[in-house]
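Below: the structure, in structure tokens.
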Amino acid sequence: MLQSRVYLMFILALTLPACNTHKQKIYISECAPGIKFKKISLTHLVDSIKYYDKQYVEVYGKYVEGKNVSALVNDSTFTNHGNSQSFWVNFTQECPLYLKGKNTGLFAAEDGTYSNINNKLMTIRGRVEMQNKGYKKEYCATINEVSYLKLDQ
């Protein structure tokens, strides 16, 4: 009996640290207090973009950034990742995002360096604007007024 308890404790000690390997950082702003966001998939948002124009949504995808690029793309390997199937993400100074419970901004790491969010999976909340199609008008639409971002680490 004692031997089985020791074995069980050993197994628990090995598996519990694995539960904490998936860290998330949550950034929030005060731009959308009291607004209800519609949680939908990125694929559904692309397919039904006219319905969601000017709506507040919550979507999950992979963020891609670079020179003249700030986009949320589908994280599925079976989906078209072209700009026409992606969303321009408009982070603005009018809606600054701060790490929940801290005064650290989205683009400033906690150690004072630049925070790289390129190719990271994230959930964002914002307002869809079909008329604004991002850089060179290549994207499906823009997600403006980003007020929440959950970044998977």
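Quick notes on this structure:
- Label-reachable residues, the stretch 26-44, where backbone N falls under 19 Å from a point 7 Å from Ser84's Cα toward its Cβ: 42-44
- Residue pairs, from the table Lys23/Lys136; Lys62/Lys100; Lys50/Lys137; Lys102/Lys133, whose Cα atoms sit over 27 Å apart: Lys23/Lys136; Lys102/Lys133
- Straightening the chain between Glu94 and Gln24 buys 22.8 nm, computed as 0.36 nm per residue apart minus the Cα-Cα spacing.
- Heavy atoms of Asp152: accessible area, 1.4 Å probe, square angstrom to 10: 20
- Once the Cβ-Cβ distance of Asn103 and Lys38 is raised to the sixth power relative to R0 = 25 Å, the FRET efficiency obtained is 0.25.
The values are calculated or read from the model by the stated rules, or taken from the named source; none is laboratory data. Predicted model only: the values in this text are computed from it and were never measured. Positions of Cβ are backbone-derived with ideal geometry, glycine not excepted, and every protein chain shown enters the neighbour counts. Only protein heavy atoms, including side chains, enter the accessible area calculation; ligands, DNA and RNA are left aside. Shrake-Rupley method; radii C 1.70, N 1.55, O 1.52, S 1.80 Å.
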